[in-house]
Amino acid sequence: MKSRGEKWKLFLFAILVSLVLTLAACGDKEKSTTEASKSDDDVIELVVNSWFSSDADVPNNVWKPWKKYIEEKTEGRVEVTIHYNGALAASNEVLEGVKSGLFDVGDTIALYYEDSQLFPLTVGELPFAAGGDPDKAAEIMQEFSAEYLDEIWDGVVKVGVGSPPPNHAFSTKPIESLDYMKGKTARASTELEALFVKSMGGTPTQVSFEELYNSLDKGIIETFFTTQDVFAAMQLADVAPYFLEQPVKIAVGTALMNEDFFNSLPIDLQTLFTEDINPKWQELYKENAIKVMERNAEVVKMAEDAGGSMTKFSDKELLEFQRFAVPVWEQWVKNANKKGYPGDEMLERYIEISREHGVNLDFLKK
């Protein structure tokens, strides 16, 4: 048996151990509380990659106002740094850049990602989709893409979807008939666009965006598709002053956020981005298209001053013209099927949603 003294020593030792453990637990709790408070108080940097120059329409109408909006709404808890001119990633590298964490947010156009998870968005970029109306295009694509959320935004967070101003047909020679492109060389940036050019009797030619002016000036290409703001900014009226008033196609733009960045935000900021800040980007993107299109009259004047003119097809002519696009839509379905998507079903759904938004794709009717 242990002596009374030994029992007393064991009792004191037990009390001492208990006291030490209690103090340690309190210290850990205090440290944990301090770290949480520090995490909430720390300024979070959100890095944006823009492939436009700092003075272009999208930065001025979207990124800069969005930066201000974020910093105001978060009361300075989030600060935004914007890198312009594709400093961190080119337009066709944005998805990879966001996923890898090279930057936190970036925007791109779906046509650069036909062979990626963004493929479902490309249906909205087919010729004459949405009637060339950016508002309609955005509404239709937001509803359509919502049915493919897991596929499109796998590994990233959706910031928003929208459409820039539509593309028009421009030419070095007058656009006098539906077969104006027959026998002419035309810039084609994708396989589907090349198919569209061939369907109209033209010869698709690869020309970089940067070489567009020189290629027209040297006669390498004679016709092309672009937005009116690009036409004006690049002074293309000097070399191709003729264009078609009705839009030919429209792009689908989307902004993506790094998933780890979003998940690292405090819960209240995650909610703020989801319910307020990200929808604000979508709103600004829509407003940008409206602001740019308000300058369309300036484009007409530029073309006329350069000796060119604008052509407008009648409704009957336009429907015939749109039928040149049928092979392109059919090929998109085939591409979707090859990628494992239900192509026919997707197209039917897109047509249905378009109709619900007041856009009838009559040229696709057999």
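Taking amide H as placed 1.01 Å from N in the peptide plane, ALA251 has its amide H under 5 Å from the amide H of ASN167, each at least 5 places away in sequence or on another chain. For the stretch 319-366, just say rounded, prolate or oblate: build the C-alpha gyration tensor, square-root its eigenvalues into a ≥ b ≥ c, call rounded for a/c under 1.5, and beyond that prolate if a/b exceeds b/c, oblate if not. It is oblate, given that a/c is not under 1.5 and a/b is not larger than b/c. The HN-Hα couplings worked out from phi for the stretch 244-254 by the Karplus form 6.51 cos²θ - 1.76 cosθ + 1.60 (θ = phi - 60°) are 9, 5, 6, x, 9, 7, 9, 8, 10, x, 8 Hz, whole numbers, x standing for Gly and Pro. If you average the alpha carbon positions of the stretch 115-172 and of the stretch 325-364, how far apart do those two centres end up, in angstrom? Between the Cα centres of the stretch 115-172 and the stretch 325-364 lies a distance of 13 Å.
According to the calculation over all Cα-Cα pairs in the stretch 160-248, the P(r) per 5 Å bin from zero is 3, 15, 27, 27, 19, 6, 2, 1, 0 %. Scan [x] 25.5; [y] 20.5; [z] 17.5 for the value of mean projected area of the Cα convex hull in nm² calculated from this model and give just the label. Given [x] 25.5; [y] 20.5; [z] 17.5, the structure-derived one carries the label [x].
Antiparallel beta bridges, as assigned by DSSP with both residues in the stretch 118-240, represent about 55 percent of the total such bridges.
In percent, rounded to a whole number, the relative contact order of the stretch 273-366 is 20, using alpha-carbon pairs under 8 Å and six or more apart. For TYR213 and LYS316, the difference between the fully extended length at 0.36 nm per residue and the C-alpha to C-alpha distance is 33.8 nm.
Bridge orientation summary for the chain: considering DSSP beta bridges with both residues in this region, about 55 percent are antiparallel. Its relative contact order, with pairs defined as Cα atoms under 8 Å and 6+ residues apart, puts the stretch 116-208 at 21 percent. Reducing the stretch 193-217 and the stretch 234-272 to their Cα centroids gives an inter-centroid distance of 23 Å. When the square roots of the Cα gyration tensor eigenvalues are ordered a ≥ b ≥ c, the ratio a/c for the stretch 214-366 is 1.5 or more and a/b does not exceed b/c, which makes its shape oblate. Scalar couplings 3J(HN,Hα) for the stretch 67-79, obtained by applying the Karplus form with A = 6.51, B = -1.76, C = 1.60 to θ = phi - 60°, are 4, 4, 5, 4, 5, 6, 5, 8, 6, x, 6, 10, 10 Hz; x denotes Gly and Pro. The relative contact order of the stretch 161-221 comes to 29 percent, based on Cα pairs under 8 Å that sit 6 or more residues apart. Identify which of GLY132, GLY162, GLY101 has the largest mean-square fluctuation in a Gaussian network model of the chain, with springs joining Cα atoms closer than 10 Å. In this elastic network of the chain, the residue with the biggest mean-square fluctuation among GLY132, GLY162, GLY101 is GLY101. In terms of distances greater than 20 angstrom between alpha carbons, the cross-link table entries LYS173/LYS198; LYS68/LYS286; LYS291/LYS316; LYS99/LYS334; LYS286/LYS312 yield LYS291/LYS316; LYS99/LYS334; LYS286/LYS312. Fully extending the segment from GLU72 to ALA297 would add 77.4 nm, taking 0.36 nm per residue of separation and subtracting the current Cα-Cα distance. Compared with the dominant principal axis of the Cα atoms in the chain, helix 278-293 is inclined by about 20°.
Among SER215, SER208, the ranking by other beta carbons within 10 Å of each residue's beta carbon, starting with the fewest, stands as SER208, SER215.
Laboratory data are not the source of any read-out in this text; all were calculated from the coordinates shown. Treat the numbers as computed from the prediction; the structure is a model and nothing was measured. Neighbour counts run over all protein chains shown; Cβ positions are idealised from the backbone, glycine included.
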